[in-house]
Amino acid sequence: MIANHNHHDDGDHHNNEKDQRACSPTGSPTSVTGDEDCHPLEGLFFYWKTSPTLWESKLKIFASNIPLFIPINWGYHFVSDGDKENNYDFGDIYPEKDLKRLIITATKLGLRPILLIPLTPTPFIINGGIPASLAQNLSIAPQGIAYGIVTAQGKIHKIFSYFSPKVYRNFGKFTWELGKYLSNNSISIDIIGMISGYCINRQFHSFLSDTSNAFEQGFLGLMELKESEKKNNSPYTSTTSTPSTNSGDFHKKFAIDHNNTYNDIYSDEDETSSGIIPSIPTVVMEIEEKNEFHNMIQGLYLDIAKQSFGENWGGEIKFSFLGGGIYEIFDRYDQRQEHPSRYFRQIIESMVLDIIPSSVLLPLNVKSGLFTKIMRDLINQTSINKKIENLSLYENDYISFSNLNFFEIFCELGPFSNRDNHWESLGLILFLEKNYAQTYLLQQSPKDIPIENVVGNRVIFCCGEELTEVELNRILRAFMNGGKILIDSSKLPLLLTRKLETFFLENSIYIQKINYITEVLNASLGEGRLLLFNGEKILHQSLIKKNSFWENLINYFEISHLPIATDSNVHFLWKIRRPYSHEMNFEEIRRVTLYNPTSYKKYVSVPVDKKFTFLKIIDGINTNGRWEETELLLELLPDASASLDFGYNE
């Protein structure tokens, strides 16, 4: 019998309780969830919501083992009646805006303050964070409805477009003035870009995504620019190149100098006109071009911030705001219906995507019990510092858990995608959810496929229809280095098909043909595997046949895994780490952490596998377990949680 064990772990997400718990000034843990201005679960402090005289007492509830994130409220520092040459105040005029005092106060308390600069609209600030005088174009989500974000206080925040020229022009001036203020006051502090959005169905949706008039006018301007450059034989002509290839040329058209001069492809007069979109040029508005424009503007804000903060700039971090989904306004408007269990899937999905989940939009009554525990478990010193330090502190002398991912699935997932997930239609996603839940990632572009250190369990899926020649070249390099890749070749362009054939011939690569539902070509080179199949012949098969196809295909890669059998309302996450010195008889250590946020008893079954050795159960709360002949059976009572460690050896 395994019953309510509380084994202390030497891993990374069950640290010393004193460090993990954010305490009030009196030591009471009751204020761990903070209040309207303090959010210690994710280390966020909203300085503009409280008096500077209270900053010190408020900051004492934050734990020192994770950074203190201070989002900068752009609109709050705007002074409309000030000197037109300097209409931003950081404490010289109003003491409540004194960032130097705030940073000094946090540092004296042993905290590590980090300023967050909004690279997208922020849902927890009115107008999405931009000054009221710039809030002119209501942002419209790609779903065709205006953003309406329900806050923890039950208010509704509207979001305004970041695609307006006035907005990014003033953003440049704001960041430049802030950078100058920090320099003049000899303030050395880490500054990170904050990308805000929400997670749903394994995808991150940025609040930057917009289809308003401001976006459409900018997009039309880009199309006109490309047409003009094409006529002049400019290198900026390819619509199939990646956004990063062309963004430099595009940014020059929006070039910022810090005397507040921009060269825009459309003027302020366009923005203040009747709001009717100008006549559309005879250009096909392809989805990939809109995605490209979206990414270019995101890159523009990023480049502006980099220029403004120089050596203090530390990159960008994504935050997923629980309850911030475009349709959640209808469910959350009546806060009496709020319950912690509805957000557990969003938290897990955020962590699988390596994004920080934030609860700042949720009322305090939600942030208790098991909800607090999962946030503490997943947002900790290691997970945060990995994002900030890019693993530099841990590569040599620290062993920590990271997400266990077997599969990377590439598909068209830009903000303007208008078709269903290709792999979902083929039955792959459903198969993985059943057998490899929480161990796969949806990716947008194969341009980021790793080409080194690819030997191992990671399997990559690509849709041939969406590949470019550059991306195919990257795939072939990964294959030659030992990577495992599957390509749906049903709509692979003829040019790329011939390139593959030539590649196989020139490198004398052995091709094995397998017939099951559709013909599968299996190319082998050392440890590398490249499989091509015709997805169109799978598309209209029954669900049973689709499942059987993927089972046979994925079994070929001999991936060792312990599938979790449980109710859909039980949430879990797999992690992996290298073994410690006393665990060297194992190749790796895997951990599954389980949560039952419901009011009912749930059961979890973990199969027995000779490759896996059960090591221990950690922090078992309201949990009982027993060994059956072929499985470990866990009984999770309401609000139960537990982590199970397994040693793996091939």
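The values are calculated or read from the model by the stated rules, or taken from the named source; none is laboratory data. Please read these numbers as outputs of a predicted model, since none were measured by experiment. Quick reminder, even Gly has a Cβ in these numbers, built from the backbone with ideal geometry, and neighbours come from all protein chains shown. Surface accessibility is based on the protein's heavy atoms, side chains included, excluding ligands, DNA and RNA. Shrake-Rupley method; radii C 1.70, N 1.55, O 1.52, S 1.80 Å.
Neighbours of residue 73 by Cβ distance under 15 Å: Lys/Arg scored +1, Asp/Glu scored -1, total -4.
When the surface is traced with a 1.4 Å probe over the full set of protein chains, residue 94 keeps roughly 80 Å² accessible. Is the shape of segment 62-144 best called rounded, prolate or oblate, per the rule: a/c under 1.5 gives rounded, else a/b larger than b/c gives prolate, else oblate, with a ≥ b ≥ c the square roots of the Cα gyration tensor eigenvalues? Taking the square roots of the gyration eigenvalues as a ≥ b ≥ c, segment 62-144 is oblate.
Would you rank 422, 39, 582 by solvent-accessible area, highest first, keeping every protein chain in place and using a 1.4 Å probe?
The ordering from most to least exposed comes out as 582, 422, 39.
In the distance distribution for segment 287-336, Cα-Cα pairs more than 12 Å apart total 75 percent. For residue 626, the solvent-accessible surface with a 1.4 Å probe is about 100 Å², rounded to the nearest 10.
Close amide H pairs (under 5 Å, H built 1.01 Å from N) link residue 482 with 528, residues at least 5 positions away or on another chain. Taking all protein chains into account, the per residue accessible area for segment 485-609 stands at 51 Å² (1.4 Å probe). When the surface is traced with a 1.4 Å probe over the full set of protein chains, residue 600 keeps roughly 150 Å² accessible.
Along segment 494-500 the Karplus relation, 6.51 cos²θ - 1.76 cosθ + 1.60 evaluated at θ = phi - 60°, assigns HN-Hα couplings of 4, 4, 6, 4, 5, 5, 5 Hz to successive residues, with x for each Gly and Pro.
For residue 68, the residues whose modelled amide H falls within less than 5 Å of its own, excluding neighbours fewer than 5 places apart on the same chain, are 112, 114.
The simple spin-label model puts a point 7 Å past each Cα toward its Cβ; for residue 403 and residue 609 those points are separated by 2.0 nm. Each principal axis of the Cα atoms in segment 482-584 has its own extent, and those three values, largest first, are 49, 41, 21 angstrom. Across segment 305-317, computed HN-Hα scalar couplings (Karplus, 6.51 cos²θ - 1.76 cosθ + 1.60, θ = phi - 60°) run 5, 4, 5, 6, 10, x, 5, 6, 6, x, x, 9, 10 Hz from first to last residue, x flagging Gly and Pro.
The packing ranking of peptides 314-321, 499-506, 68-75, highest mean first, is 68-75, 314-321, 499-506, where packing means the average number of other beta carbon atoms within 10 angstrom of each residue.
Residues whose amide H falls under 5 Å from that of residue 79, counting only those 5 or more places apart or on a different chain, are 88, 89, with hydrogens built in the peptide plane. Accessible surface of segment 472-549, 1.4 Å probe: 52 percent of it comes from carbon and sulfur atoms. The modelled label-to-label distance for the pair residue 629/residue 536, using points 7 Å beyond Cα in the direction of Cβ, is 5.0 nm. Overall, the accessible surface of segment 146-202 at a probe of 1.4 angstrom is composed of carbon and sulfur to the extent of 46 percent.
For segment 547-556, the Karplus equation 6.51 cos²θ - 1.76 cosθ + 1.60, evaluated at θ = phi - 60°, returns couplings of 4, 5, 4, 5, 4, 5, 5, 6, 4, 4 Hz by residue, with Gly and Pro reported as x.
For segment 583-644, the C-alpha radius of gyration sits at 1.19 times the compact-globule guess of 2.2 N^0.38 Å, with N the residue count. Rounded to the nearest 0.05, the FRET efficiency derived from the C-beta distance between residue 155 and residue 502 at R0 = 51 Å is 0.25. In angstrom, the C-alpha Rg and Dmax of segment 466-522 are 11.5, 31.
Compute the whole-percent fraction of alpha carbon pairs in segment 535-617 spaced more than 15 Å apart.
71
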